[in-house]
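Structure first, commentary second.
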Amino acid sequence: MGCMVSQLASKFAFFPPSPPTYQLQKREDGNLTVVSTVSPVVSIQKAVDENSLDVLVVDTKHGNKIVAFYLKSPYARLTLLYSHGNAADLGQLYDLFVQLRVNLRVNLMGYDYSGYGASTGKPSESSTYADIEAIYECLETEYGVSQEDVILYGQSVGSGPTLHLAAKLPRLRGVVLHSGILSGLRVLCHENFTFCFDIYKNVNKIKKVKCPVLVIHGTDDDVVNWLHGNRLWKMARESYDPLWIKGGGHCNLELYPDYIRHLCKFIQEMENLTTEKHLKKIRQNVNLKTGSDIGSCCTCCGERCCTFTCPTCSECYCMNGSWSINCPECCKPIKCFRLPKLSNCFGPCCCIRCSRPSCCVKCSMPSCCYPKCARPRCCCMSCFGWKCCVGKHNGAKGKQNG
């Protein structure tokens, strides 16, 4: 039943221009050229030097042949992979591509989904995923573009395949979501939960994107409400300053001066983010996840292995912290996890390594602060049966016994 509803939703989701606004022709040298089908019939390549545009036909894993335009800039350091909106094809977007290529100084790869323009096949959610994967592979194999030099750009429905690919590529330079959607059904019914038969579940995939994300949305968008863009921006792991275009609709944001100005700023900052710095940031993000998944990173000892999140108040309880609720150096007071203070313990921290040995001397359990624990503000609670110091602390190897 879910698959049937999903197929039905896909039929209502895609509106390719009919007839297409362009067609392909072969030149004398065997290369493809693009001709507009709008009267009078003219070549749409006249706006730029023919040598700066490659017209490609790429095979996808679904067996479709999709058309792509690759516009080259002599000043480019980055490549923009553009996934367009619902009711457009490459013939309509060509002028925009030329402007972006010139103003942003990027190489630009745009493509038509299966069933759009001169691309074969029928449009569907899964086919758009296969389309963008094939185009990205073409960038790698035919043009030698590395993942670190790619910025994915998704407009409206194009945010679906964009986030699908971005979630799979950990070393991307950046992502732009232009009038993006949370999911297909959320555009229609504004629900806060996800149905199994929903399409383009961007609300789930945005959390997996590891690079900077720029969100652009019009405040008066009557097709995809501004709340979609706002929530995508808030859910992104590394959000860039968003662009909320006051009075902007769904299909006219490119006409506002702030659009190209803000986009230029984003591209320049992504260029300045050198590959070395970019990879260093990725490694830092990965290192934060090397610990256990049971908690988030602790502000006390910096480890994920020793933190729990309280289901009542969402505060962090550090197993390596002090038993005392008054210790300002280890863990902040936690209202839902208050332990009774030991009757003979008057110090703010039960740890002989925090310059208060009298505390543990007065306590009946001096073994709580294991001498081999190398963290100055860490109470090893092995005497209570906790196993927090198991190879995660500096200098600690194996299990610590109380």
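At full extension, residue 102 and residue 189 could sit 27.4 nm farther apart than now, given 0.36 nm per residue minus the alpha carbon distance. Think of segment 191-274 as a dipole: +1 on every Lys or Arg Cβ, -1 on every Asp or Glu Cβ, centred on the Cα centre; then among 235, 266, 245, 235 lies furthest on the positive end. Can you bin segment 191-274 into rounded, prolate or oblate? Criterion: square roots of the alpha carbon gyration tensor eigenvalues sorted a ≥ b ≥ c, rounded for a/c under 1.5, prolate for a/b above b/c, oblate for the rest. It is oblate, given that a/c is not under 1.5 and a/b is not larger than b/c.
Computed from backbone phi, the HN-Hα couplings of segment 62-67 come to 8, x, 8, 10, 10, 8 Hz, rounded to whole numbers (Karplus: 6.51 cos²θ - 1.76 cosθ + 1.60, θ = phi - 60°; Gly and Pro given as x).
Cross-link pairs exceeding 18 Å between alpha carbons, from the set 168/205; 208/234; 122/208: 122/208. Gain on full extension, evaluated as 0.36 nm per residue between residue 219 and residue 264 minus their Cα-Cα distance, stands at 14.1 nm.
Listed cross-link partners 61/207; 26/72; 26/65 are compared with a 18 Å cut-off, the Cα-Cα value being larger for 61/207; 26/72. Close amide-amide hydrogen proximity is noted between residue 220 and 247, 248, each under 5 Å apart and 5 or more residues distant or on a separate chain (H modeled in the peptide plane; Pro and chain starts excluded). Counting every other Cβ atom within 10 Å of each residue's Cβ, 156, 146, 18 order from fewest to most as 18, 146, 156.
Across segment 68-73, computed HN-Hα scalar couplings (Karplus, 6.51 cos²θ - 1.76 cosθ + 1.60, θ = phi - 60°) run 9, 10, 10, 9, 9, 10 Hz from first to last residue, x flagging Gly and Pro.
Taken together, the values in this text are just the output of simple stated rules run on the coordinates, not laboratory data. On a predicted model such as this, the values are computed, not experimentally measured, just so you know. Counting neighbours? That spans all protein chains shown, and the Cβs are built from the backbone with ideal geometry, glycine included.
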